[in-house]
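Take a look at the structure below.
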Amino acid sequence: MRIDVVTIFPEYLEPLSVSLVGKARQRGQLDVRVHDLREWAHDRHNTVDDTPYGGGPGMVMKPEPWGEALDSVLASGDGKPVLVVPTPSGIPFTQELAVELSEQPWLVFAPARYEGIDRRVMEEYEERLDVREVSIGDYVLAGGEAPVLVIVEAVARLLPGVLGNAQSHQDDSFAPGAMSNLLEGPVYTKPPQWRGREIPEVLLSGHHGKVARWRRDEALRRTSQNRPDLVERCDPEALDKYDRRL
Ligand code: 6GU
């Protein structure tokens, strides 16, 4: 997969060289290119923003640098990318959308600072591309760069061969399928005693059926505690599938 990011803070994207995403790049599974939007500014101050028409607080990102930057990125590759625009007014970013994006050969991210990008940029590229305005949650960040890190990590770990074990994301909380509405329960590793605390006995029993049932009960307990909204949407048949999963 190829990913381009156009931003006024290229250094904000440096974490994309670390950990899972960094390794996927080193292995050639992911081609990430970060571009400085100011390269497409024209005045000597490299201005990319201006005051909003109609008045009001803050600044709006000018359309010309975005248009030239996106045209240049589009011309540098084959075919059409999906254009992802992080914004608190977008559709919710979900695991389902992560899966859909992970199936694309090419993603271009256009994170905004300030109050957002001049609307005509979206109108222009909606005529040419699949454009997704995406929000990562119900809170407001200062810009779309942190959401790009979030979305790229969620997508990259779904690419074939990026996680060691293909099973490991079948069981994710929010993975589409049997467990789509349950959170994962607690996990334990060695030592068997730590500061006087023990491992739940069932995990040492070697009884796969009982272990599966315990995990499902813990998943339900955690979900009703932290996300009662998800329990309401839970399909009872999904619980039986959870039992048979191991
Ligand atoms: Cl995608 N951008 C910004 N600026 N704030 C957000 C967001 C995105 N998602 C939630 N809050």
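Rule-based calculations on the coordinates, nothing more; no lab input. Every value quoted in this text rests on a predicted model; they were computed, and no experiment measured them. No Cβ is skipped: glycine too gets one built from the backbone with ideal geometry, and neighbour counts run over all protein chains shown.
For the chain, what is the charge dipole size about the Cα centre, in debye to the nearest 20, if Lys and Arg each add +1 at the Cβ and Asp and Glu each add -1 at the Cβ?
Its charge dipole is roughly 1380 debye.
What aspartates and glutamates could a cross-link reach from LYS210, if we take a straight Cα to Cα line under 15 Å and drop same-chain neighbours fewer than 8 places away?
GLU201, GLU218, ASP240, ASP243
For GLU184 paired with SER19, estimate the spin-label separation in nm (one decimal), with each label point 7 Å from Cα along the Cα-to-Cβ line.
Between GLU184 and SER19, the label points sit 1.4 nm apart.
For the stretch 1-116, with only Lys/Arg (+1) and Asp/Glu (-1) charged at the beta-carbon, what is the dipole magnitude about the Cα centre, in debye rounded to 20?
Dipole magnitude for the stretch 1-116 comes out near 340 debye.
For SER76, what is the net charge nearby, where nearby means another residue's Cβ is under 14 Å from its Cβ and Lys, Arg count +1, Asp, Glu -1?
-3
What are the residues whose amide H is under 5 Å from the amide H of ARG33, where those residues sit 5 or more places off or on another chain and H is modelled from the backbone?
ILE3, ASP4, VAL5
Taking a ≥ b ≥ c as the square roots of the Cα gyration tensor eigenvalues, with a/c under 1.5 meaning rounded and otherwise prolate when a/b beats b/c, else oblate, which class fits the stretch 61-120?
In terms of gyration-tensor shape, oblate.
Indicate the gyration tensor shape class of the chain (rounded, prolate or oblate), computed on the Cα atoms with a ≥ b ≥ c the square roots of the eigenvalues: a/c under 1.5 is rounded; otherwise a/b larger than b/c is prolate and the rest oblate.
Numbers: a/c = 2.44, a/b = 2.13, b/c = 1.15.
Because a/c hits 1.5 or more and a/b exceeds b/c, the chain counts as prolate.
Describe numerically, in nm with one decimal, the distance between label points set 7 Å from Cα along Cα→Cβ at VAL202 and at ARG44.
It works out to 7.2 nm between the two label points.
Please determine, in degrees from 0 to 90 and to the nearest 10, the orientation of helix 145-156 with respect to the longest principal axis defined by the Cα atoms of the chain, where the helix direction is its Cα long axis.
50 degrees
Helix-only mean residue ellipticity at 222 nm, the chain, DSSP H runs n ≥ 4 weighted -39,500 (n - 2.57), per residue, nearest 500. What is it?
Per the formula, -10000 deg cm²/dmol.
Which distance in nm do the two modelled labels at ASP71 and ARG195 give, with both placed 7 Å along the Cα-to-Cβ direction?
6.0 nm
Could you please report the charge total around GLU11, scoring K, R as +1 and D, E as -1 over all other residues with beta-carbon less than 11 angstrom from its beta-carbon?
Combined, the nearby Lys, Arg, Asp and Glu give -3.
Between 0 and 90 degrees, rounded to the nearest ten: what's the tilt of helix 208-226 against the longest Cα principal axis of the chain?
50 degrees
In the chain, what % of DSSP beta bridges are antiparallel (nearest 5)? List each step's numbers first, then the result.
Values: 4 of 25 bridges.
Rounded to the nearest five, the antiparallel share is 15 percent.
Convert each backbone phi in the stretch 93-102 into a coupling constant with the Karplus relation 6.51 cos²θ - 1.76 cosθ + 1.60 (shift: θ = phi - 60°), then list the ³J(HN,Hα) values in order as whole Hz, x for Gly and Pro.
Once θ is set to phi - 60°, the couplings for the stretch 93-102 become 7, 10, 4, 4, 5, 4, 4, 4, 5, 5 Hz.
Once you have the Cα-Cα distance between GLU64 and ARG233, take 0.36 nm times their residue separation minus that, and quote the gain in nm to one decimal.
Between GLU64 and ARG233, full extension yields 56.3 nm more.
³J(HN,Hα) across the stretch 60-73 via Karplus (A = 6.51, B = -1.76, C = 1.60, θ = phi - 60°), whole Hz, x for Gly/Pro?
10, 6, 5, x, 4, x, 4, x, 5, 4, 5, 4, 5, 5
Arrange the following residues from fewest to most other Cβ atoms within 10 Å of their Cβ: PHE93, PHE9. Mind showing how you got there, number by number?
On the way: PHE93 21, PHE9 15.
Ascending number of Cβ neighbours within 10 Å: PHE9, PHE93.
What ranking do ASP43, ASP71 get, fewest neighbouring Cβ atoms within 10 angstrom at the top? Working shown, then result.
Working: ASP43 7, ASP71 14.
By the 10 Å Cβ count, ascending: ASP43, ASP71.
Can you classify the stretch 99-213 as rounded, prolate or oblate using the Cα gyration tensor, where a ≥ b ≥ c are the square roots of its eigenvalues, rounded means a/c under 1.5, and otherwise it's prolate if a/b beats b/c and oblate if not?
Cα axes put the stretch 99-213 in the prolate bin.
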